[in-house]
Amino acid sequence: MIKRILAATVVVAALVGLLVFSQLRPRANKISGFIEADEIRLGSRQGGRVQAVLVEEGQTVQTGAVLLELAPFDLLDQRSQAAAQVELRQAELDKLTAGFRAEEVAQAKAKRDELAARLTELEVGPRKETIEAARARLNQFQAELAYARSNFERVQGLIAKQAATAQERDQAKQSLDVAQSRVQAAQAELAELLAGTRAEDIAAARAQLEQAEQAWQLQKNGPRKEDIAAARAALQSSQAALQAIDTRIAELKVRSPIDGVIESLDLRKGDLVGANAPALSMIDPARLWVRAFLPEDMPGAAPGAKVYVTVDNQPGRRFAAHVAFVARQAEFTPSNIQTPEKRSQQVFRVKVYLDEGLDVLRPGMPADVWLEAASQP
């Protein structure tokens, strides 16, 4: 009986010792989580029908590689129109910048000189020689009139004596009328020359000269600065429209922004892709990190602290890492925490970036972050 009591006492003492040891034993300063990678969701701001899919899921691609292409629809026609508009605006600007041709300026000057000479002629009036010539023509026509009148009177006398015919009288009368008309015209011409140029004619000639003068000055000075500025602005507007279309055409090719791995792709030729909507996703294997949760009763590490990470499939290896982020606000333990007794506690979300092991570690691996080696950078 005494032996049984002693044995029970020993067992109880051992259990109590184990309990006390478990409470006093320092626990490993580590937290657990999963390795994750940055995921990039790619798409096109243009959208459209898939023309070609150039990659597959799991494929490694380089930066700038074309992943898929969309059909251009009418974008190429729009670009041709925009390019033609740029050429037109450029030609208009070049024409204004170059100004008028030398031949055009010379032609305008010649027109101005011609009108200036005409005005001078009108202001000076008829030359003396012109007046004398007009007077001489008048004298000649007056002499012809006197002869025609004398001849007509002679024929009239012969008619009375029945020595001339009516036809001869009519011819003499016609010659007399013609001579009288010539004298009247010559008299009017001489009177106009003697009176000089009318003021209205001089004013009209002066106005024509002023108009020609301004036209010549306009061509000599070239286009206005405001017209050149407007043409340049129109050209820039056309160039911007062309650039916008080029940007839309460039969006037809979805390119890889990084060296990464295609994670998700479910597209075939002929599928429709919406504008500004993800069409495929890829991960960046050069940026691996561990998402873990730090219990509120466990000493933590500040952002930038150096730690190391271990994984089950690499026994004995430790991978250098650093703390990138520690949440400032606590949250309840997520359901996937590995230690059941910790699920009721509050934790702080921690993000730890791996500095090595990127060639052997993969997203989705469970990992342990050892904080006992944490040191400030």
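The values are calculated or read from the model by the stated rules, or taken from the named source; none is laboratory data. The structure presented is a predicted model; accordingly, all values stated were derived computationally and were not measured. Cβ placement follows ideal geometry from the backbone for every residue including glycine, while neighbour counts extend to all protein chains displayed. Note: areas computed on protein heavy atoms with side chains; ligands, DNA, RNA excluded. Shrake-Rupley method; radii C 1.70, N 1.55, O 1.52, S 1.80 Å.
Tabulated data
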{"item": "Calculated FRET efficiency for the pair Leu358/Ser264, C-beta based, R₀ 22 Å, to 0.05", "result": "0.55"}
{"item": "Region 207-309 - percent of accessible surface contributed by carbon and sulfur, probe 1.4 Å", "result": "52"}
{"item": "Theoretical FRET efficiency, 1/(1+(r/R0)^6), r = Cβ-Cβ of Asp312 and Gln345, R0 30 Å, to 0.05", "result": "0.80"}
{"item": "Added length on full extension, which subtracts the Cα-Cα distance from 0.36 nm per residue, Glu132 to Gln243", "result": "32.2 nm"}
{"item": "Cross-link reach list, lysines versus Lys220, counting only Cα pairs under 22 Å and skipping chain neighbours closer than eight places", "result": "Lys95, Lys109, Lys111"}
{"item": "Residues of region 199-319: accessible area per residue with a 1.4 Å probe, Å²", "result": "57"}
{"item": "Shape of region 215-273, Cα gyration tensor, a/c cut at 1.5", "result": "prolate"}
{"item": "Full-stretch length increase - Arg287, Ser80 - with 0.36 nm per residue and alpha-carbon distance subtracted", "result": "70.2 nm"}
{"item": "Rounded accessible area of Leu88 (nearest 10 Å², 1.4 Å probe)", "result": "80"}
